[in-house]
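Please treat every number below as a calculation from the coordinates, not as lab data. What you see is a predicted model, and the numbers here were worked out from it, not measured in a lab. FYI the Cβ positions are ideal-geometry reconstructions off the backbone, even for glycines, and counts take in every protein chain you see.
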Amino acid sequence: MPENKKKILVEDGDLIICRCEEITKQDVIDAISEGYTTVHSIRKRTRAGMGFCQGKTCGRLIQQLITQYAGIEPSEIEPARARPPVRPIATDVFTKGADEI
């Protein structure tokens, strides 16, 4: 587990970063100040990026916050890991046209 550091409070901490899981900017900054500095580790700590969109909406915002509050260059931040679909999908969905399903 990452070591604890000083908590950072921001004025707009109640701003929603992940709409699917209702994770605020303050939640993400708290995770960064605790030492979580990858999108994957913040996802595990806060659930940001685990909702319906799988981080397509909030992933870049989280990367920007890591850059801003941890001082890590965007090119050095490990990208989020891709996840399989939430529900199993029959293979014929991929092989048939939209009008054949």
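Couple of notes before you dig in:
- In the chain, helical runs assigned H by DSSP with n ≥ 4 each contribute -39500 (n - 2.57); averaged across all residues and rounded to the nearest 500, the mean residue ellipticity at 222 nm is -9000 deg cm²/dmol.
- The chain: angle of helix 59-70 to the longest principal axis, Cα-based, in degrees nearest 10: 20 degrees
- Other residues with beta-carbon under 12 Å from the beta-carbon of residue 67 carry, at +1 per Lys or Arg and -1 per Asp or Glu, a net charge of -1.
- Residue 10-residue 68 pseudo-label distance in nm [points 7 Å out on the Cα-to-Cβ vector]: 0.3 nm
- Taking amide hydrogens as placed 1.01 Å from N in the peptide plane, the amide H of residue 23 sits under 5 Å from those of 17, 18, each at least 5 positions away in sequence or on another chain.
- Whole-number percent relative contact order across the range 16-100, with pairs defined as alpha carbons under 8 Å at least 6 apart: 29 percent
- Longest exposed-site-free window of the chain, the sites being GluC sites (Glu not before Pro) in a DSSP loop that have at most 13 other C-beta atoms within 10 Å: 23-101
- Nearest-20 debye value, the chain charge dipole, Cβ charges on Lys, Arg, Asp, Glu: 220 debye
- Calculated P(r) tail over 18 Å for the chain, as whole % of Cα pairs: 51 percent
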